[in-house]
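The values are calculated or read from the model by the stated rules, or taken from the named source; none is laboratory data. Predicted, not measured: the structure shown is a model, and the values here were computed from it. Neighbour counts run over all protein chains shown; Cβ positions are idealised from the backbone, glycine included.
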């Protein structure tokens, strides 16, 4: 699978490194080159400096050939914008994005984005640990 | 009308002031306490402190009964999300977003924002007339019909010079509706009209055909 990841934070870098280790073709895009330090030394994919909400940067990163796009920047709204560009402008078959705000996550899920909400998931994990 | 303005910076402030003076009910949503205070002092208690992208804030703002939401923060992506939440969650009939990056205008439209305003593009449209290198000038956009009226000046080296209108490779969906030639009365071009260098042609076209129209009238002959 050809995967384009926007945002090389802890989650983005970890996802990129593990998909790469599984043999997928991975490109990571970030506006800050310093963030690429988080990639594992064995990472064999491409790390590219660029803004994932800019169509030219996305083209350079090979979005037209991507099977999946994952938006993992710190900003919910940046993720939402980039994910919608990937889905509606470039027709990427699978688009996933992180949205911290649970209500916003629900809304965009209803609008057809595969939106993952860490807030709900992590709160639930803690609750189960405490209660169970 | 009840109009919700998201973003209480300079644009939001002056927009709220103008809308109030026209007799509308206005609420400004702004995160920053100082900006809220400034607006409240000058314009009355029309502010709500909060994040205008959040469902909860818009709920408090009574977005459900708003006729319009105008998002004018400094962040393009926040303006998009405010408009989309307003439209899809609160069924606000008309949404307006400001964008700093003009490349986002068609994308925001496609994502359902009714009206997208780029100050960069507005300024460009106003100065295009004064920049001779711009051979295509926007005169009018008819938003509802997705049409626009543009003016193209035929450059001396254009391949269109000396050719009849019917022989030009104009994009279909484009009509040349007026020809302005120096020292002559404006005329409606016919298929037989022969174009001359310096002619000004007023055409009705679609935004996506603009570039093809410009090429057909201005491209240098090979």
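Are there any helices (runs of 4 or more DSSP H) wholly within the range A:65-132 with 1 or more residues that are surrounded by 19 or more Cβ atoms within 10 Å (Cβ to Cβ), and if so which?
Result: A:76-84, A:102-110.
Please state which one of A:60, A:25 is closer than 21 Å to residue B:101 by Cα and surrounded by 13 or more Cβ atoms within 10 Å (Cβ to Cβ).
It is A:60.
So residue A:42 clears everything in (1) buried (at least 16 other Cβ atoms within 10 Å of the Cβ); (2) within 17 Å of residue A:14 (Cβ to Cβ) except one condition, right? Which one?
Exception for residue A:42: condition (1).
Considering every residue within the range B:144-166, establish whether at least one is away from chain A (no Cβ under 14 Å) and farther than 30 Å from residue B:195 by Cα. Quick ask: steps written out before the conclusion?
The initial filter retains those residues of the range B:144-166 that are away from chain A (no Cβ under 14 Å), namely B:144-166.
Going one step further and asking which of them are farther than 30 Å from residue B:195 by Cα, we end up with B:144.
Among the residues of the range B:144-166, at least one is away from chain A (no Cβ under 14 Å) and farther than 30 Å from residue B:195 by Cα, which makes the answer yes.
Take the range A:40-57 and flag every residue that is under 29 Å from residue B:103 (Cβ atoms) and part of a loop (DSSP other than H, G, I, E, B).
Passing the criteria: A:45, A:50, A:51, A:52, A:53, A:54.
Just the residues that are closer than 15 Å to residue A:72 by Cβ and assigned to a strand (DSSP E or B), please, taken from the range A:1-39.
Within the range A:1-39, A:3, A:4, A:5, A:6, A:26, A:27, A:28, A:29, A:30 qualify.
Pull up the range A:56-73, narrow it to residues that are out of contact with any strand residue (DSSP E or B) (no Cβ under 9 Å at 6 or more places or on another chain) and within 14 Å of chain B (Cβ to nearest Cβ), then point me to the one that is nearest to residue B:78 (Cα to Cα). Please lay out each step first, then the result.
Let us first name the residues in the range A:56-73 that are out of contact with any strand residue (DSSP E or B) (no Cβ under 9 Å at 6 or more places or on another chain), namely A:56, A:59, A:64.
Those left that are additionally within 14 Å of chain B (Cβ to nearest Cβ): A:56, A:59.
Details: A:56: 21, A:59: 23 Å.
Only one residue tops the list, namely A:56.
Residue by residue through the range B:57-73, note down the ones that are away from chain A (no Cβ under 12 Å) and either part of a helix (DSSP H, G or I) or at pLDDT below 95 (or both).
B:60, B:63, B:64, B:65 - these are the residues of the range B:57-73 that are away from chain A (no Cβ under 12 Å) and either part of a helix (DSSP H, G or I) or at pLDDT below 95 (or both).
Scan the range B:155-185 residue by residue and report those that are modelled with pLDDT under 90 and exposed (fewer than 15 other Cβ atoms within 10 Å of the Cβ).
Listed by number, the residues that qualify are B:156, B:157, B:169, B:172, B:173, B:182, B:183, B:184, B:185.
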